[in-house]
Amino acid sequence: MKHLLKILPEYFEEVVKGTKTFEIRKNDRGFKIGDVLILAEYSISIQSFTGRVIEKKVTHILKGGSFGIDKDFVVMSLQSGFS
């Protein structure tokens, strides 16, 4: 399944560089390993998408409820070199 998600410019740039290899989100979509996150850069200052998009595949999911992560959230590992 593909999920379109907003991401702020400072985090988007780190995903592009490959230094941010995870995404923390509320699990309101039932994220699964193998899903593709379509991360669309969103600027709060202009209240709009910038047009920059990157796709990353989910390779691992750490479910909330342990390690200090809220039970409603997940930490998803993102595949490097996917996009």
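In the stretch 15-27, the residues that are within 11 Å of Ser80 (Cβ to Cβ) form Cβ pairs under 7 Å with partners that are open to solvent by 90 Å² or more (accessible area, probe 1.4 Å) and not polar (S, T, N, Q), at six or more places apart or across chains, as follows: Lys20/Tyr11. Of the numbered criteria (1) modelled with pLDDT of 95 or more; (2) part of a loop (DSSP other than H, G, I, E, B); (3) not aromatic (Phe, Trp, Tyr), the one Ser80 fails is (1). Among the criteria (1) farther than 25 Å from Lys71 by Cα; (2) at pLDDT 95 or above; (3) of a type outside the set (Phe, Trp, Tyr), the one Gly18 does not fulfil is (2).
Filter the stretch 1-24 down to the residues that are touching a Phe, Trp or Tyr at 6+ places or on another chain (Cβ under 7 Å) and open to solvent by 50 Å² or more (accessible area, probe 1.4 Å), then identify the one that is farthest from Phe49 (Cα to Cα). The extreme case among them is Ile24.
Specify which of the listed residues (Ser43, Ser77, Ser48) is within 17 Å of Ile7 (Cα to Cα) and buried (at least 16 other Cβ atoms within 10 Å of the Cβ). Walk me through how you get there before you give the answer.
On the way: Ser43 fails: buried (at least 16 other Cβ atoms within 10 Å of the Cβ); Ser48 fails: buried (at least 16 other Cβ atoms within 10 Å of the Cβ).
Checking each option against the conditions leaves just Ser77.
When you scan the stretch 52-64, do you find a residue that is open to solvent by 30 Å² or more (accessible area, probe 1.4 Å) and of a type in the set (Gly, Ala, Ser), even just one? No; the residues of the stretch 52-64 include none that is open to solvent by 30 Å² or more (accessible area, probe 1.4 Å) and of a type in the set (Gly, Ala, Ser).
The values are calculated or read from the model by the stated rules, or taken from the named source; none is laboratory data. As the structure is a computational prediction, the values presented were derived from the model and not from experiment. Backbone-built Cβ (ideal geometry, glycine too); neighbour counts: all protein chains shown. When the accessible area is computed, the model is the full protein with side chains, heavy atoms only, and any ligands, DNA or RNA have been set aside. Shrake-Rupley method; radii C 1.70, N 1.55, O 1.52, S 1.80 Å.
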